[in-house]
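To start, the structure under review is shown below, and the notes come after it.
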Amino acid sequence: MIGIIGGTGIYEIVEMGEEVENKVLQTPYGESPEISLFKLHGKTIAFMPRHAKGHANPPHMINYRANIYALKKIGVDSIIATNAVGSLDLSIGPGDFVVPDDFMDFTRARNGTFYDSRTVHVDVTEPYCPNLRQALISAGNVVDGGVYVCTEGPRFETPAEVRMFQKLGGTVVGMTGLPEAVLARELEMCYASICTVSNYAASISPGKLTIDEVFQIVEDKRKELTATIADALAK
Ligand code: HPA
């Protein structure tokens, strides 16, 4: 089964489907957000709002382990995640979509593994699932590849941090892609992300960065994002 982890506002993909059934799962890590199971193109899809209802959990407070564990438990083996990001690359601007092929993890206070009591080192030579990436790339007008930098947040970056991420080879910066991608890998699930660029990163953007502009672009691009994912699901 394919799961979708929705960031801000793509719940309408559920409304494109049929036979919607909502479930909250108990996991060893706590309760999951409400998962909506629905049918689209004859397939059962599981939608999870990453931040839970009403955007209740900010990026650093999301229970990533409960989220991924719950999707696994419900029968999901492949995950398409959506993430809002700032661009570190002037050739990629607000409104563009990026399907990253690598990441750098700058988070520092998150539970990043399911393996606290035995030693497991998962391989991330290929950090995102090639099959799902290909489905997304062929479904929409997206930038194929790029390095997703994940910060702890919830603040935006300083100018020096943005310069550092650029020098290190980052393409986009966000707050929600990790440890999600790694947790999915630990449970042997295929995982890819489609990122909506909502702004240029702080200091390379023309003015002060506000959450309102981030939400506005995400809202403007929501229909196209939903259509791209629906198309990818049909493949
Ligand atoms: N930085 C970090 N996270 C983000 C940004 C940003 O500029 N835009 C949207 N999410």
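The values are calculated or read from the model by the stated rules, or taken from the named source; none is laboratory data. Quantities reported herein were computed from a predicted structural model and do not represent experimental measurements. Positions of Cβ are generated from backbone atoms using ideal geometry, with glycine treated the same way; all protein chains shown enter the neighbour counts. Heavy atoms of the whole protein, side chains included, go into the accessibility calculation; ligands, DNA and RNA do not. Shrake-Rupley method; radii C 1.70, N 1.55, O 1.52, S 1.80 Å.
Of note:
- Residues that are within 13 Å of the ligand (Cβ to nearest atom) and either open to solvent by less than 30 Å² (accessible area, probe 1.4 Å) or at pLDDT 90 or above (or both) within the stretch 183-208 comprise 193, 195, 196, 197, 198, 199, 200, 201, 202, 203, 204, 205, listed in sequence order.
- Scanning the stretch 1-20 for residues that are under 24 Å from residue 65 (Cβ atoms) and open to solvent by 70 Å² or more (accessible area, probe 1.4 Å) turns up just one, 11.
- Wholly enclosed strands (runs of 3 or more DSSP E) of the stretch 33-105 bearing at least 2 residues more than 17 Å from residue 15 (Cα to Cα) and within 16 Å of the ligand (Cβ to nearest atom): 78-87, 97-99
The rows are residues; the columns are (1) more than 25 Å from residue 113 (Cα to Cα); (2) among the small types (Gly, Ala, Ser); (3) out of contact with any Asp or Glu (no Cβ under 8 Å at 6 or more places or on another chain).
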| position | (1), (2), (3) |
| --- | --- |
| 149 | no, no, yes |
| 153 | no, yes, yes |
| 158 | yes, no, yes |
| 161 | yes, no, yes |
| 167 | yes, no, yes |
| 172 | no, no, no |
| 175 | no, no, no |
| 180 | no, no, yes |
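- For the stretch 31-71, filtered to residues that are among the charged types (D, E, K, R) and open to solvent by less than 50 Å² (accessible area, probe 1.4 Å), the residue that is farthest from residue 16 (Cα to Cα) is 65.
- Scanning the stretch 135-173 for residues that are within 16 Å of residue 84 (Cβ to Cβ) and in contact with a Gly (Cβ under 7 Å, 6 or more places away or on another chain) yields 148, 149, 150, 171, 172, 173.
- Sub-8 Å Cβ pairs linking a first residue in the stretch 216-235 that is open to solvent by 60 Å² or more (accessible area, probe 1.4 Å) to a second residue that is part of a helix (DSSP H, G or I) and of a type outside the set (Asp, Glu), at least 6 apart or interchain, are 231/139; 235/135; 235/138; 235/139, ordered by first then second residue.
- Set 157, 180: member being open to solvent by less than 10 Å² (accessible area, probe 1.4 Å), of a type in the set (Asp, Glu) and in contact (Cβ under 8 Å) with a residue 40 or more places away in the chain: 180
- Yes/no for residue 152 being within 16 Å of the ligand (Cβ to nearest atom), touching a residue at least 12 places away in the same chain (Cβ under 8 Å) and open to solvent by 30 Å² or more (accessible area, probe 1.4 Å): no
- Close pairs (9 angstrom Cβ cut-off, 6 or more residues apart or separate chains): assigned to a loop (DSSP other than H, G, I, E, B) in the stretch 118-142, among the aromatic types (Phe, Trp, Tyr) and open to solvent by 50 Å² or more (accessible area, probe 1.4 Å) anywhere: 121/115; 122/115
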